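To keep things clear, I will list the structure first and then write my remarks on it.
The values are calculated or read from the model by the stated rules, or taken from the named source; none is laboratory data. Being a predicted model, the structure only gives us computed values, none of them experimental. Neighbour counts are summed over all protein chains in view; Cβ atoms, including those assigned to glycine, are modelled from backbone coordinates with ideal geometry. The area values use the complete protein model at the heavy-atom level, side chains included, leaving out ligands, DNA and RNA. Shrake-Rupley method; radii C 1.70, N 1.55, O 1.52, S 1.80 Å.
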Amino acid sequence: MLSPRNRGDSSATRRASMSSAIPAKVRRAVAERSGGQCERCFSAGPLELHHRKFRSRGGKHTVENLVALCGWGNHTGCHGKAHTDGDGGWSVHSWDNPRHIPVRDDAGRLWWLLPNATRQEVTEPPF
C-alpha cells in the first residue's frame, strides 16, 4: 500500500509543502497500475512513489512520471537503485519527457507508462 511517510515534520513545514503533495487521484492510479507490487522487481513492498524525472529536474506528479518501487528514502530496494543506477528508464534526465522513455523491469521487459495509468509492453524497439 502506498502511503505518505510521517517524517516528524512540524505542522508549519507540512503546510508549506502541501502544494507539492502528490494528488490522491494520481497516487491511487499508480497504486492500481502497480497492483501492490514493485513495478521493477515485483516484490510486495513496502512501496513508495518515485519520480522518474526528479522534482528537482522539473518532474511533475503525473502517472507516467511516477512509479511504485520497493524500498524507502531513495536509499534501499529498487527505489535506491533508481537513484544510483538510472539505467532502464527509472530515472530520466531533465531534458527528457518520461512519456517517451520506457522502463525496463527486472525480467527484462520494456513498458510504456501511459497517461491513463496503464502500462503497455514495448513490442518494437523505441529507438
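What number of residues within the range 48-82 satisfy the criterion of being assigned to a helix (DSSP H, G or I) and either under 13 Å from Leu113 (Cα atoms) or under 11 Å from the mean Cα position of the chain (by Cα) (or both)? Quick ask: steps written out before the conclusion?
Filtering the range 48-82 down to residues assigned to a helix (DSSP H, G or I) leaves 55-57, 77-82.
If we keep only those that are either under 13 Å from Leu113 (Cα atoms) or under 11 Å from the mean Cα position of the chain (by Cα) (or both) as well, we get 78-79, 82.
The total comes to 3.
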Exercise for the section: Examine the range 11-28 for a residue that is touching a strand residue (DSSP E or B) at 6+ places or on another chain (Cβ under 9 Å) and at pLDDT below 90, and state whether such a residue exists. Expected result: no
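Yes or no, residue by residue, for (1) open to solvent by 70 Å² or more (accessible area, probe 1.4 Å); (2) at pLDDT below 90; (3) in contact with a Lys or Arg (Cβ under 6 Å, 6 or more places away or on another chain); (4) not in a loop (DSSP other than H, G, I, E, B):
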| residue | (1), (2), (3), (4) |
| --- | --- |
| Gly45 | no, yes, no, no |
| His93 | yes, no, no, no |
| Asp96 | no, no, no, no |
| Thr123 | yes, yes, no, no |
| Phe127 | yes, yes, no, no |
Handout entry: Considering residues of the range 67-82 that are of a type outside the set (Gly, Ala, Ser) and farther than 19 Å from Trp111 by Cα only, the residue least open to solvent (accessible area, probe 1.4 Å)
Key = Thr76
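Can you find a residue that is assigned to a helix (DSSP H, G or I), touching a residue at least 60 places away in the same chain (Cβ under 8 Å) and under 11 Å from the mean Cα position of the chain (by Cα) anywhere in the range 24-31?
Keep residues of the range 24-31 that are assigned to a helix (DSSP H, G or I), which gives 24-31.
Next cut, touching a residue at least 60 places away in the same chain (Cβ under 8 Å) only: 29-30.
Cutting the leftovers down to under 11 Å from the mean Cα position of the chain (by Cα) gives us 30.
Checked against the condition, which is being assigned to a helix (DSSP H, G or I), touching a residue at least 60 places away in the same chain (Cβ under 8 Å) and under 11 Å from the mean Cα position of the chain (by Cα), the range 24-31 yields at least one hit.
Residues checked against (1) open to solvent by 20 Å² or more (accessible area, probe 1.4 Å); (2) under 23 Å from Ala24 (Cα atoms); (3) hydrophobic (A, V, I, L, M, F, W, C):
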residue	(1), (2), (3)
Glu39	no, yes, no
Leu49	yes, yes, yes
Lys60	yes, yes, no
Asn65	no, yes, no
Trp90	no, yes, yes
Asp106	yes, no, no
Arg109	yes, no, no
Trp112	yes, yes, yes
Handout entry: Failed condition for Ser20, given (1) surrounded by fewer than 14 Cβ atoms within 10 Å (Cβ to Cβ); (2) farther than 23 Å from Trp95 by Cα
Key = (2)
